[in-house]
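Everything below concerns the one structure shown next.
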Amino acid sequence: MDAYRYREWSRLIGTPVEVRKDFELVRAGVVDDAMQDSSALWLAADSSGGRALFAAAEGYEVWIRPQELGGKLCYKMAAALAPSPVQAGGKGGMSRV
């Protein structure tokens, strides 16, 4: 699958990403931490460099490349992104309009 820009950086902790600026790859790595408002993130230290901070205000963009996961993680990740019954409009039941 093709990589695409992802704006909610705070949801990417533990995820492999590409950091780009002006459409050029700056660094690839795993997100170590991110600001709750997605204004900045830290890539974990690895063989290409130490822990690094990237800020959206400085023009950095984060791109992800979806990958198929094996085993039970596929279900857990999909379930984690599904709206809870309360968010969906009720306490476990169907909402009436």
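None of the figures in this text is laboratory data; all of them are computed from the coordinates on show. Predicted model, so just to flag it, every value in this text is computed and none were measured. Here Cβ is always computed from backbone atoms with ideal geometry, including for glycine, and neighbour counts include all displayed protein chains.
Key figures for this structure:
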{"item": "Loop sites in the stretch 1-52: trypsin sites (Lys or Arg not before Pro), DSSP, at most 13 other Cβ within 10 Å", "result": "Arg7, Arg51"}
{"item": "Residue list for the stretch 35-60, given a label point 7 angstrom along the Cα-to-Cβ vector of Arg11 and an amide N cut-off under 19 Å", "result": "35-42, 56"}
{"item": "Ascending count of other beta-carbon atoms within 10 Å, so fewest first, for Val31, Val26", "result": "Val26, Val31"}
{"item": "Loop-resident sites, the stretch 1-72, for chymotrypsin sites (Phe, Trp or Tyr not before Pro), counting at most 12 other Cβ within 10 Å (DSSP)", "result": "Phe23"}
{"item": "Label-to-label distance, nm, for residues given as Asp32 and Glu58 (7 Å Cα→Cβ offset)", "result": "1.4"}
{"item": "Debye intensity ratio in log₁₀ form over the Cα atoms of the stretch 11-63, taken at each q of 0.15, 0.21, 0.27 Å⁻¹", "result": "-0.33, -0.67, -1.12"}
